[in-house]
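Presented below is the structure to which this report refers.
Only the coordinates and a few stated rules stand behind these numbers; no lab work does. Treat the numbers as computed from the prediction; the structure is a model and nothing was measured. Glycine also receives a Cβ, built like all others from the backbone with ideal geometry; neighbour counts cover every protein chain displayed.
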Amino acid sequence: MTIDFELSPKIKGTQKMLRMFAENAVRPQARKYDEEEHEKPWDLLKMVHGFMKGGVGGSLGGGEKKEEGGEKKRSERQLTTAVVVEEIFWGDAGIALAFPGQGLGGAAVQATGTPEQKEQFLARFSGEEPVWGAMAITEPEAGSDTANLRTTAVKDGNEWVLNGEKIFVTAGKSALEDSKGFVVVWATVDPKAGRAGIKPFIVEAGAPGMQITKIEDKMGIRCSDTVSLSFMDCRIPETNILGSAEVVDPKTAGTKGFKGVMATFDATRPMVAAMAIGVGRAALDLLKQTMAEEGLEVRYGICPNRMTALERDIMDMEANLKAARLLTWRAVWMLDNGDRNSLEASMAKAKAGLVVTQVTQKCVELMGPLGYSRKLLLEKWMRDAKINDIFEGTGQIQMLITARNVLGFGRDKLK
Ligand SMILES: Cc1cc2nc3c(=O)[nH]c(=O)nc-3n(C[C@H](O)[C@H](O)[C@H](O)COP(=O)(O)OP(=O)(O)OC[C@H]3O[C@@H](n4cnc5c(N)ncnc54)[C@H](O)[C@@H]3O)c2cc1C
């Protein structure tokens with residue numbers, strides 16, 4: 001099958017509309033909501049909820065494999081989402097992360113839920129009011145090493161009882177203060193079984209025994225809330241386990257159990273890459289615009305030994321952002337075609353996470369003191385950039401996954 005990254009007229013139309021929205025509605029509010037950490041831009045959130053209900057922007061989750069006359073029919077859902085995400089994050093990363101929607105929680109339901117659970121829980125996001133989904137894996141002793149998690153889920157009658165602590169849950173506050181919101185909590189049903197015992201559970205807003213214990217004060221993406229959660233004999237219905245409770249060997253588990261975490265990330269890592277590209281592009285666009293105002297144009301195509309250092313830096317940044325975008329579009333294209341994309345998703349995130357930190361720092365540097373001043377948003381973009389190299393697996397972890405896939409080593413051989 002040929003890969004064609006020429007965007008369809010429909011996606012281009014969506015991109016144009018979202019670019020205008022990002023420029024005129026999101027960007028002007030970026031500084032305000034960075035300073036008023038955790039305040040919600042309700043006007044924008046409601047507008048975005050309206051867009052999403054109207055079907056703009058696709059959604060996270062695997063592409064459906066459709067056979068037509070022996071050929072796979074291409075879906076554009078994930079590619080559309082990646083394009084939309086890049087535009088909105090060009091507007092502002094903090095505000096964009098505060099937008100309502102399925103988030104990581106919805107992606108986990110998509111990856112691990114039964115058809116009935118998908119219908120039951122995902123329908124909430126298209127109701128009249130905005131709803132947030134969140135996902136909690138990380139614990140004080142389990143970050144990159146997710147298999148080390150300690151939160152337990154024990155069956156008691158027709159309920160599961162959860163005990164443990166989760167940290168750094170994106171949109172946790174938004175999800176839990178909304179009566180229809182939920183957090184997908186990963187917990188072990190059998191601590192002796194290792195990865196095989198780890199299962200996802202839907203914990204709905206208001207579940208008894210669940211509490212927000214901390215709201216993080218962060219360097220970047222400050223409009224988005226990040227919380228710690230405690231579970232003390234937190235009771236949820238037995239049907240809120242996503243997929244099966246059966247403890248099966250991870251090697252044969254498919255998307256059941258722990259493999260579901262990975263399937264969730266296959267869909268979400270390319271979107272983090274798209275977020276990163278949006279922020280990087282914002283910084284580079286501002287640098288080029290300021291240069292143009294000073295009468296400096298980049299002379300594309302001239303001999304490298306006649307280039308100024310500034311021109312070389314700009315072309316280098318543009319090439320890296322484009323490379324990151326191509327890796328990202330390849331990863332979502334595979335998802336749209338129903339192909340497994342773990343390697344490509346990790347490659348896209350590793351590249352984009354690194355590129356955005358380098359690009360935003362370089363732009364601050366090239367703009368001199370003005371780059372460091374709060375008069376412009378460049379310093380903010382430099383702060384917002386780094387998270388893309390941390391959450392949903394750090395840059396080092398993406399490179400580890402890439403190396404394992406390329407070299408054919410298991411996690412026992414390459415740690
Ligand atoms: C703002 C924010 C939002 C977040 N949102 C969520 C969320 O919604 N849900 C959620 O579950 N988690 C979330 N996280 C947690 C995030 O996914 C973890 O912080 C991340 O996976 C790293 O885990 P850790 O913090 O335990 O660091 P560690 O795993 O302790 O890593 C520390 C350093 O060691 C490196 N390292 C670790 N292992 C290896 C290795 N084998 N080889 C090479 N280097 C290694 C890492 O790359 C990193 O540089 C969020 C974090 C932040 C900061």
Separation in nanometres of the label points that stand 7 Å from Cα toward Cβ, at residue 343 and residue 403: 1.7 nm
Cα-Cα pairs of region 259-407 separated by more than 18 Å (percent): 58 percent
Full-stretch length increase - residue 394, residue 373 - with 0.36 nm per residue and alpha-carbon distance subtracted: 4.7 nm
Top of 356, 109, 248 by mean-square fluctuation, Gaussian network on the chain, Cα under 10 Å: 248
Residue order, fewest to most surrounding Cβ atoms within 10 angstrom, among 411, 404: 411, 404
Stretch gain in nm, segment residue 120-residue 315, where the contour uses 0.36 nm per residue and the Cα spacing is subtracted: 65.4 nm
Modelled label reach - residue 232, point 7 Å along Cα→Cβ, region 160-180 residues with backbone N closer than 13 Å: 163-165
Ratio Rg/Rh [Cα only; Rh per Kirkwood] for region 129-252: 0.97
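When the helix-only estimate is applied to the chain (DSSP H runs of n ≥ 4, each -39,500 (n - 2.57), divided by the residue count), what is the mean residue ellipticity at 222 nm, nearest 500 deg cm²/dmol?
Theoretical 222 nm ellipticity from helices: -14500 deg cm²/dmol.
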Simple label model, 7 Å out from Cα along Cβ direction - residue 7 to residue 163, nm: 5.2 nm
Chain lengthening between residue 24 and residue 244 when straightened (0.36 nm per residue, less Cα-Cα): 74.6 nm
Max mean-square fluctuation residue, GNM over the chain, Cα-Cα springs under 10 Å, options 30, 207, 263: 207
Gaussian network model of the chain, springs between alpha carbon atoms under 10 Å - residue of 24, 305, 158 with greatest fluctuation: 305
Anisotropy class of region 152-192 from Cα gyration tensor, a/c 1.5 cut: oblate
Rg and Dmax of the chain, Cα atoms only, in Å: 21.5, 76
